[in-house]
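Please treat every number below as a calculation from the coordinates, not as lab data. What you are looking at is a predicted structure, and each value in this text was computed from that prediction instead of being measured. As a convention, Cβ positions derive from the backbone with ideal geometry for all residues, glycine included, and neighbour counts pool all protein chains shown.
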Amino acid sequence: MRLFNTLTRTEEDFVPADGTTVRMYTCGLTVYARGHIGNFRTFISLDVLRRALRHQEGYAMRHVMNFTDVDDKTINASQQAGMSLRDYTDLYIQAFRDDCATLGLEPVEENPRATDDANLRAMVDMIAQLKTHGHTYESDGSTYFRIATLPDYGKLARLDHEGIQAGVRVDTDTYDKQDARDFVLWKATKAGEPTWDYGCGPGRPGWHIACSAMALRLLGEGPIDIHGGGIDLIFPHHENEIAQAEGATGRQFSRFWVHVEFLHLDHKKMSKSLGNVYNVQDILDRGFKASALRYALISVHYRKQLTFSFEILTQADAALTRLTDFLARIDRVAGGDAHPEIASRVTAAREEFRSKIASDLNVPGGLGVMFELLREMNAAMDQEGGRALGAADADLIREAFEEFDKVLGVVAVRRREEAAPPVPEEEVRALIDERRQARRDRQFGKADDIRAGLEARGVILEDSPTGTRWKRK
Ligand code: AMP
Ligand code: ZN
């Protein structure tokens, strides 16, 4: 597989260092609010990378994605909500897990959170190693990384040493740094903030140290194979992660760096601070399906900007409907001969799809191959009164589309949506119980209203001697 590596600014052959297991770390959500669909463009793109490595290239995965559950934003938001940091961030961790399931992201092997004991210890250990190597200094109870001690600082972001601006994201607090470019490793406690003391004095970890320490704790010593996130993380976050991990261990941190371009809305990056965001629930509330959102977010190459609109969701939905209609038509093929020319066409399309995906995740190219095959196979089914395509051919076609979807993950989400009742299943069951009770109480009007209410919402109740069952209208 070829992957564009931000570190070298070139596309390179990717093989995991041990030949079999990909050790990958991707930066996760800051859990102070529900993730927006810009965040999910990055997470879904990295999910497609994971799927391609796993299902297409055949590697085992050891994939870690963290939760940033302590920083200025999470602390402020939890205080405003009058909740403990833990309880508050738990809410958004759960919401994130729900959204991932809705959007068909494969669960990753590890989801560490910064404030767990083992992770805080790993951070403090890394800071101690940095101190031993002379990369740190303390000021007003906080510990900083002294950038001037690391000659190749700036190699990922390609910054010249003198021109580096103070980090815009988390280093803007008025802490007493000796050099504006230095960044904080451990922040001294401020009144009213959560605090931990594991040997760096009472305080809390900086954002960057959490990722370096958790990556090496859970993936083993560097270099790991792949580190990824959105492009806004290149500087300062990933640059600082490299400085910490390499400064502490003297070993390369990650061989490959993969960065996903932004999702835009109205010509601007979609971001919580600008307020131009939609989250997954906003999209569902407008009547769009999660499968269409997933499709739309992968339909442009991950290294190109994508502009969000409801129009792209409508188009994505139409493409998915075409796909599932086609698969339903394939399922109806019965009998008939096998045709070698169909088998070889399908084999060629599978090969083309694989090579598109293996070429720096060219998903739009892969979709093109898939729809070209669909068009040709539909045409074949239109010929000779349907006899140009037999059941054995249909099996091969189905297998090919299943293989495509292992990487894309869109049909699987659509199928799950179709299998789900139009009314939540627990609600249907509760209403069936309520109706049974109404009938026992001889409140037949009420029982009929329940049945009619459900029918209006697309659910039909069927009574039988063994009880009541529901089906879609
Ligand atoms: P955060 O919760 O801010 O730490 O961001 C989580 C992930 O979403 C990071 O990898 C960001 O780079 C990514 N991200 C944030 N905004 C966007 C956007 N508009 N488009 C694509 N990725 C984004
Ligand atoms: Zn990170």
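Tabulated values for the structure
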| quantity | calculated |
| --- | --- |
| Using θ = phi - 60° and Karplus 6.51 cos²θ - 1.76 cosθ + 1.60, couplings along segment 287-295 (whole Hz; Gly, Pro as x) | x, 8, 8, 4, 4, 5, 5, 4, 4 |
| Within segment 1-43, trypsin sites (Lys or Arg not before Pro) in DSSP loop having at most 13 other beta-carbon neighbours inside 10 Å | 9 |
| Built amide H within the under 5 Å cut-off of residue 136, gap 5+ | 146 |
| Gyration tensor verdict on segment 320-400 (Cα atoms; rounded if a/c is under 1.5, prolate if a/b is larger than b/c, oblate otherwise) | prolate |
| Cα-Cα over 20 Å, subset of 177/268; 131/190; 73/272; 131/177 | 177/268; 131/190 |
| Column: log10 I(q)/I(0), Debye, Cα scatterers of segment 71-113, q = 0.23 Å⁻¹ | -0.81 |
| ³J(HN,Hα), Karplus 6.51/-1.76/1.60, whole Hz, each residue of segment 122-131, x for Gly, Pro | 4, 5, 5, 4, 5, 5, 5, 5, 4, 5 |
| Environment charge at residue 453 (Cβ cut-off 14 Å; Lys +1, Arg +1, Asp -1, Glu -1) | 0 |
| Residues in segment 5-41 reached by a label modelled at residue 94 [backbone nitrogen below 18 Å; 7 Å Cα→Cβ] | 31-35 |
| Translational diffusion coefficient (Stokes-Einstein; Kirkwood radius from C-alpha pairs) of segment 31-119 at 25 °C, 0.890 mPa s, in µm²/s | 172 |
| Rough spin-label spacing in nm, given labels placed 7 Å along Cα→Cβ, for residue 8 and residue 417 | 4.0 |
| Under-5 Å amide H pairs with residue 230, H placed in peptide plane, nonlocal only | 260 |
| Nearest-20 debye value, segment 2-269 charge dipole, Cβ charges on Lys, Arg, Asp, Glu | 260 |
| Longest to shortest principal axis, alpha-carbon extents of segment 325-469, angstrom | 66, 40, 23 |
| Largest to smallest principal axis extent of the C-alpha atoms in segment 425-472, angstrom | 27, 23, 17 |
| Amide H contacts of residue 61 (H built 1.01 Å from N, under 5 Å, at least 5 apart or other chain) | 22 |
| Fewest-first ranking of 459, 184, using other Cβ atoms within 10 Å as the exposure measure | 459, 184 |
| Expected 222 nm ellipticity per residue - DSSP helices of 4 or more, -39500 (n - 2.57), all of the chain, to 500 | -14500 deg cm²/dmol |
| Taking segment 1-102 and dividing mean pair separation by its residue count, relative contact order in percent (alpha carbons under 8 Å, at least six apart) | 29 |
| Spread of Cα-to-Cα distances over 5 Å intervals beginning at zero, given as percent, for segment 270-368 | 2, 10, 14, 18, 18, 14, 10, 7, 4, 2, 1, 1, 0 |
| Fraction of antiparallel bridges per DSSP, the chain only, in percent to nearest 5 | 55 |
| Difference of contour (0.36 nm per residue) and Cα-Cα distance, residue 314 to residue 448 | 44.5 nm |
| Relative frequency of Cα-Cα separations exceeding 39 Å in the chain, percent | 35 |
| Rounded to whole Hz, the Karplus (6.51, -1.76, 1.60) HN-Hα couplings of segment 328-342, x for glycine and proline | 5, 5, 4, 5, 8, 5, 9, x, x, 7, 7, 10, x, 5, 6 |
| Ellipsoid equivalent to segment 173-323 - semi-axes via the Cα gyration tensor, in Å | 37, 20, 15 |
